[in-house]
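The values are calculated or read from the model by the stated rules, or taken from the named source; none is laboratory data. Because the structure is predicted, anything quoted here is derived from the model rather than measured. We place every Cβ from the backbone using ideal geometry, glycine too, and count neighbours over all the protein chains shown.
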Amino acid sequence: MSIGFTSLRVGKTYYLINEGERHDFKVIERLSDTNFKLKDLLTLEVYELEDLVRYGKNKDYQLWELT
């Protein structure tokens, strides 16, 4: 079962699948209860979790921790 945003931890890596796209990222800072600053593991871009899911969660939404 996938996890929720409140389960994210600073320093851990995760992947999110939403609307057919996969995003692998590392959590670098907690900004609020449900928003985090993330670093993309492929592009090294830094962005916020709220920007990543701004347009909602699709039926295929999944959030998993990378091990």
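Details
- Members of the stretch 1-48 found to be in contact with a helix residue (DSSP H, G or I) (Cβ under 7 Å, 6 or more places away or on another chain) and more than 20 Å from Thr67 (Cβ to Cβ), listed by number: Asp33, Thr34, Asn35
- Being aromatic (Phe, Trp, Tyr) and exposed (fewer than 13 other Cβ atoms within 10 Å of the Cβ) is a property that does not hold for Tyr47.
- Taking the conditions (1) surrounded by 12 or more Cβ atoms within 10 Å (Cβ to Cβ); (2) touching a Leu at 6+ places or on another chain (Cβ under 8 Å); (3) free of Cβ contacts under 8 Å to residues at least 60 places away in the same chain in turn, Ile3 satisfies each one other than (3).
- Test result for Lys59, of a type in the set (Lys, Arg), surrounded by 15 or more Cβ atoms within 10 Å (Cβ to Cβ) and free of Cβ contacts under 8 Å to residues at least 24 places away in the same chain: no
- Count - residues of the stretch 25-44 that are loosely packed, with under 15 Cβ neighbours inside 10 Å, at pLDDT 95 or above and either closer than 19 Å to Asn58 by Cβ or among the hydroxyl-bearing types (Ser, Thr, Tyr) (or both): 1
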